[in-house]
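First the structure, in the form of C-alpha cells, and then the observations on it.
The values are calculated or read from the model by the stated rules, or taken from the named source; none is laboratory data. This structure is a prediction, so every number in the text was calculated from the model and none was measured. As a convention, Cβ positions derive from the backbone with ideal geometry for all residues, glycine included, and neighbour counts pool all protein chains shown. For the accessible areas, the whole protein counts, side chains as well, though only heavy atoms, and no ligand, DNA or RNA atoms are used. Shrake-Rupley method; radii C 1.70, N 1.55, O 1.52, S 1.80 Å.
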Amino acid sequence: MPESGLDVLIRQTQLFIDGQWIPAQSGKTFDTINPSNEEVIARVAEGDVADVEHAVLAARRAFDEGPWPRMDARERGKIMHRFCDFIEAEIDELAAIESLDNGKPVKDARSVDIPLAIECIRYYAGWADKIQGSTIPVRGNFLCYTRREPVGVAGQIIPWNFPILMAAWKWGPALATGCTVVMKPAEQTPLTCLRLAYLAQKAGIPDGVINVVPGFGPTAGAAIVQHPGVDKIAFTGSGETAQHIMRQSADTMKRLTLELGGKSPNIVFADADLESAAEGAHIGIHLNQGQCCCAGSRLFVEDSIHDSFVEKVVDLSRKRRVGNPFDPTTDQGPQVDRDQFEKIMSYIDKGKREGAVCATGGQRVGDRGYFIEPTVFTEVRDEMAIARDEIFGPVLSVLRFSDMEELVRRANATTYGLAAAVWTRDVSKAHILAERLRAGTVWVNCYDVFDAAAPFGGFKQSGFGRELGQRGLDAYLEDKTVTVRLG
Ligand code: NAI
Ligand code: MG
C-alpha cells in the first residue's frame, strides 16, 4: 500500500463515549505524528478531566444498569467473537494505521500484533460462560457457595509499543467478565484504539461498555486513576508512572494490575544450538525496534563461545533492514517518537563513554524520522548504565559468564523480573535455571513466544498481577461468598 493516501483510512479521531463520537469538551486536539517522517498524521480530540468524568459516568451506568453484565454470558462471548470477525475483515487497514502511527513494519502488525490480538479476544470470549464459583463444605447446617462477579468499571491505561495488542489484552478479560471500560490509549498512538472501538460498537457491544478517551497521562490518565467511579486500574507502561498511579489510586482503594518494564537476561550456554540461539538473541532484542517490555536486553554468553557467538549476533544485526515500515522487506522501522529516540541515543552515548565496545550500529539512520541502527555493545560490565537500565530500543548489551552460580546471581541482580531465556541442550540445566531465575516468564530455547492461554506478568518491579490465561481473569473479578441457613 503506498504511503500517500493512507490518511483516508483514518476515520475516528474523536472521543468515544457512551457510544457517541464527540469532541473534547475543551475543544482541544493534539497531533499524532508519523515517526517515519515526523509529519502530522491527524489531529485527535484531547480528553481531559471533564471528558473522563463523562466517560466514567457512562461506564458506570452501563455497568450498574446496562445489559452487558446482565446478559447471558454466552451471548457476551458471541458478541466478542463477532467483534473479532470485524477486526479480521479489516486487518489490512488496521495494520496500515498501526504502522503509520507507531512506525512498526506493516508486515509485523499484519502477521503478529493483530493475529495475537484476535486470538486474545477469542480466547476470552471462550471464557465468558465458564467463569464459575464453588460450593464450600462449611461447618453447621448451611449452604455456602461463591460467585465470581465482575469488578465493575475498569480504567485501562496503555502504552504505544503494541497499541492494538495492548487494547486486546485489556478488553478481552474485561468484556468476558462483564466489566465496562474507560480506556486511555497512549498519546503517541491513539488511532487504532479508536477504530477498534468503532468495530466493537458495530459488533453489538452496548453503548457505554467501552469508552475511549485519548489524551495525555497527567491529565486524562490521572483523572481516570483518581475517579471514585472507577473500580480497577490496569496499566502497562513505565515504572515511574506506575508508582505515581499506585499513590494516586490509594485514596479510592482501587484494584491495580501493573505490567511494567524489564532488563531481561537472555542466557546462552556453549552447549546450545547456537544458530537458533543467535536468531533468538537477535529477535529478543530487536523485535519491534527494541520497544518490548520483555526485550532480552542483557545477553549473557558463556565464555568459551563468546567471540564466535557475538560474531553471529553482530552479523544478524548488520543484515537487519531499517527503513520505510511500508516496504515489505523492512525489518525495523523508526522509534515511536522524538523522546524515545533521544533517550536511546543518549544511552548509546553513555555506553561508549563507560567503555563498552560498540560492535555494530550506534548511529541514527538518515536525517528524517526516528530511525536507529541495530546496535550491539560488547565488553559490557554489570554496573554500566546500559546493563542496568531499560533502554527500550534496538540496543543489546553482551555480558560474559563462566560459572553457573555466579550467572544466576548476576542475572537476578536487577530490580526487574519480567522475562528471561535460557539456551541449552542440557535438560536439567534448563529446568534448574527456569526455577532459579526471578522472572514472570522463562523461555527455554525460544524467545517472545506468546499465547493468549499463557499468563504473562512481572516479578519484583516489573509489576504485579497477570494478564492472559485464566489468571488474567482474576484481575476483573470479585469473589462473593454466599452463606444460606438451611432449615
Ligand atoms: P508512560 O508510563 O509514561 O506511559 C504509558 C501510559 O501511561 C501512556 O498512556 C501515558 O499517557 C500514561 N501516563 C503517563 N503519565 C500518567 C499519569 N500520571 N497518570 C496516568 N497515566 C499516565 O511511558 P512513556 O513515557 O511512554 O515511556 C517511558 C519509558 O517507559 C520507556 O522509555 C520505556 O522504558 C517504558 N515503557 C514500558 C512499556 C512496557 O510495555 N512495559 C511501554 C511503554 C514505555
Ligand atoms: Mg511518560
Inset, instruction - Might you let me know whether region 386-409 holds any residue that is farther than 30 Å from residue 333 by Cβ, open to solvent by 50 Å² or more (accessible area, probe 1.4 Å) and among the β-branched types (Val, Ile, Thr)? - result: no
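Among the residues of region 67-78, is there at least one that is modelled with pLDDT of 95 or more, in contact with a Ser or Thr (Cβ under 7 Å, 6 or more places away or on another chain) and not basic (Lys, Arg)?
Looking for residues that are modelled with pLDDT of 95 or more, in contact with a Ser or Thr (Cβ under 7 Å, 6 or more places away or on another chain) and not basic (Lys, Arg), one finds at least one in region 67-78, hence yes.
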Inset, instruction - Find all pairs meeting these conditions: Cβ atoms under 6 angstrom apart; at least six residues apart or on different chains; first residue within region 32-53 and farther than 18 Å from residue 338 by Cβ and in a helix (DSSP H, G or I); second residue modelled with pLDDT of 95 or more and open to solvent by 50 Å² or more (accessible area, probe 1.4 Å). - result: 50/25; 51/25
Legend entry - Scope region 160-199; condition in contact with a strand residue (DSSP E or B) (Cβ under 8 Å, 6 or more places away or on another chain) and of a type in the set (D, E, K, R); matching residues: 170, 184, 187
Inset, instruction - Of the numbered conditions (1) more than 9 Å from ligand 1 (Cβ to nearest atom); (2) closer than 27 Å to residue 189 by Cβ; (3) open to solvent by 10 Å² or more (accessible area, probe 1.4 Å), residue 232 fails exactly one; give the number of that condition. - result: (3)
Inset, instruction - Please verify whether region 174-182 includes one or more residues that are crowded, with 24+ Cβ neighbours inside 10 Å and within 8 Å of ligand 1 (Cβ to nearest atom). - result: no
Inset, instruction - Only residues that are out of contact with any His (no Cβ under 9 Å at 6 or more places or on another chain), of a type in the set (Ser, Thr, Tyr) and surrounded by 20 or more Cβ atoms within 10 Å (Cβ to Cβ): list them for region 289-318, please. - result: 297
Legend entry - Where residue 187 falls short, out of the listed (1) within 14 Å of ligand 2 (Cβ to nearest atom); (2) touching an Asp or Glu at 6+ places or on another chain (Cβ under 8 Å); (3) open to solvent by 30 Å² or more (accessible area, probe 1.4 Å): (2)
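Would it be correct to say that residue 189 is assigned to a loop (DSSP other than H, G, I, E, B) and among the β-branched types (Val, Ile, Thr)? Break it down into steps so the answer makes sense when it comes.
On the way: assigned to a loop (DSSP other than H, G, I, E, B): yes; among the β-branched types (Val, Ile, Thr): yes.
Yes: the conditions hold for residue 189.
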Inset, instruction - Check residue 321 against each of (1) in contact with a His (Cβ under 8 Å, 6 or more places away or on another chain); (2) within 14 Å of residue 105 (Cβ to Cβ); (3) without any contact (Cβ under 8 Å) to a residue 40 or more places away in the chain and name the one condition it does not meet. - result: (1)
